[in-house]
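> This is the structure, below, for whatever I ask next.
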4 protein chains.
Amino acid sequence: MSGINKVILVGHLGKDPEVRHLDGGVTVASFPLATSETYNKDGKRVEQTEWHNIVLWRGLAEVASKYLQKGKLVYIEGKLRTRSFEDKEKVKKYVTEIVAENFTMLGRKSDFEQTPAASVPQSTEPKIQDEFTIGPSDENGDLPF
Amino acid sequence: MSGINKVILVGHLGKDPEVRHLDGGVTVASFPLATSETYNKDGKRVEQTEWHNIVLWRGLAEVASKYLQKGKLVYIEGKLRTRSFEDKEKVKKYVTEIVAENFTMLGRKSDFEQTPAASVPQSTEPKIQDEFTIGPSDENGDLPF
Amino acid sequence: MSGINKVILVGHLGKDPEVRHLDGGVTVASFPLATSETYNKDGKRVEQTEWHNIVLWRGLAEVASKYLQKGKLVYIEGKLRTRSFEDKEKVKKYVTEIVAENFTMLGRKSDFEQTPAASVPQSTEPKIQDEFTIGPSDENGDLPF
Amino acid sequence: MSGINKVILVGHLGKDPEVRHLDGGVTVASFPLATSETYNKDGKRVEQTEWHNIVLWRGLAEVASKYLQKGKLVYIEGKLRTRSFEDKEKVKKYVTEIVAENFTMLGRKSDFEQTPAASVPQSTEPKIQDEFTIGPSDENGDLPF
DNA sequence: TTTT
DNA sequence: TTTT
């Protein structure tokens, strides 16, 4: 039977997205995302930051590389995936990544402007989905019941 | 600026899905879903049930009408939408619905069998998405980093 | 068997929180929250805004009334609850509300400053939870608004 | 500024929970959880299973060890945490875990019965939360496994 | 290492 | 109107 594997993050990019083009023309982007939590420990305010490896594919990767930069605040929805790889010393290692399914830019509009003078292009999708998960939902007509 | 409007429910259908075909060939299905919460009140076990109006469009509606029946346990992800309508007395009223974006059948496989003897067709998708949100995600190849 | 009833919203307050003190000293706060979605319709950019009725109890209500104001961006997690009430004409009506379980202020720190000159107190909890979330939630009495 | 770090899983336990009692009397439980996704690849039905390391603290750990067993279906809500440890060869390694904040048992009631003859005690909380979720989460010390 |  |  099937299950649910869902991750919801709101945090800041630790670096600009790094984009790669695989053989076959598929685009992949990735970046670290920080989510911080603040709590009181013995009356002192402690901040704990967690770093997440975000991976985006195809169209999502392209939009991310265009609109997301280091420091920006984003909402990301995706799923967990742990994969193994060999490091330079041929040692098998594991990483857990969040494969993004859609993201939404948060924060001020000005935070997403390329330069102080430029304005965000009309085409900026506030909510961007994986093209294999994407699309308009035009069901805003009134329901017949 | 954009926002997030997400609902996650796990509950039982109160009735079979009710299906309608709008002019233009669009299919809409709807059903009530119960989510119950149990807590202790003065040492007694109290159950509180909340009823949700679930609405599904197009392909999702069709799959729902095929595989979901009264009593079944489902995971539903969607968004909130409040719409107004006029009742028979022409009084304006409001309903809040959950417009489903995808759902997953939970519980035993046998719970989704049509009849004790029949088995669920091979084509039953455990996770079914709105066709405007849908699609295979074949990014299972190894990442180059 | 039990279920899941979870709502996740990121949006802006439409008004300042309205605070009430019930008999028995319980504090309740409420405010409308807007989540907007933008999509393309026939090549044109359309924005659709959904309004949600947010309700907060006890300690959460108090923190909300202190730190949230009209226009602020918040992440809210809670559950759906539909309750009935009688309007002035004694007509039975229904409202669906989101009973908040915790919230996190998003956006610039300066967005949460009381006045341009004041800074957010050290004690501001970035993630604030309903102190009663764990146990029974006895707020099933009718709301006074 | 603060962020959101939330994981929502529905899956089956791969093993019985493993319970440990740390110095100081704190209880920790952990188990692997499988979430499977099925999709069509070239007309063939492919199942992909993802394994998650679930960690529970204190009261949650105790309830988990009592009611969850290998094979059971659960809804788990928690947060991601990546921690480092040294393996037997003193090599620094990283694991990403899901620190549970609450869980709900899904599936038939009979699935949670200890033995065919026994019934689940009246006191079984369908939704069980980490009693410390509200405040500080001081489980940042290294885990003993 | 789960489940269907 | 579901389920336990």
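> Trypsin sites (Lys or Arg not before Pro) within region D:20-96: which are DSSP loop residues with at most 16 other Cβ atoms inside 10 Å?
The qualifying sites are D:70, D:88, D:90.
> For chains B and C, what's the summed buried accessible area, probe 1.4 Å, to the nearest 100 square angstrom?
Answer for the B-C pair: about 2400 Å² buried.
> Report the calculated FRET efficiency for residue D:49 and residue D:94 (r = Cβ-Cβ distance, R0 = 25 Å), to the nearest 0.05.
For residue D:49 and residue D:94, the calculated efficiency is 0.70.
> Now a separate question. Suppose we compare each residue of region A:64-81 in its chain alone and in the full protein complex with a 1.4 Å probe; which ones drop by at least 50 Å² of accessible area?
A:75, A:79, A:80, A:81
> Right, next: In whole percent, what relative contact order does region C:1-96 give with Cα contacts below 8 Å and a gap of six or more residues?
RCO, region C:1-96: 33 percent.
> Note the per residue figure in Å³ for the convex hull of the C-alpha positions in region B:1-55.
115
> Shielding of A:14-25 by partners, i.e. mean partner chain Cβ atoms within 10 Å per residue?
1
> Give the carbon-plus-sulfur fraction of the accessible surface of region C:1-116 in %, rounded to a whole number; probe 1.4 Å, heavy atoms of protein chains only.
Answer for region C:1-116 is 48 percent, counting heavy atoms of protein chains only.
> State in Å² the accessible area per residue of region B:17-88; use a 1.4 Å probe, count heavy atoms of protein chains only, and round to the nearest integer.
Using a 1.4 Å probe on heavy atoms only, each residue of region B:17-88 averages 46 Å².
> If you average 1/r across every pair of different Cα atoms in region C:50-113 and take the reciprocal, what Kirkwood value do you get, in Å?
Kirkwood hydrodynamic radius for region C:50-113: 13.4 Å.
> Within a 10 angstrom radius of each residue's Cβ in B:33-43, how many Cβ atoms of other chains show up on average? Whole number is fine.
The per-residue average across the peptide is 5.
> Pairs D:6/D:66; C:88/D:127; A:70/D:88; B:93/C:44: which exceed 28 Å Cα-Cα?
Too far apart for the 28 Å limit: C:88/D:127; A:70/D:88; B:93/C:44.
The values are calculated or read from the model by the stated rules, or taken from the named source; none is laboratory data. Predicted, not measured: the structure shown is a model, and the values here were computed from it. Every residue, glycine as well, gets a Cβ built from its backbone with ideal geometry; the counts of neighbours run over all protein chains shown. Ligands, DNA and RNA are excluded from the accessible area calculation, which covers all protein heavy atoms including side chains. Shrake-Rupley method; radii C 1.70, N 1.55, O 1.52, S 1.80 Å.
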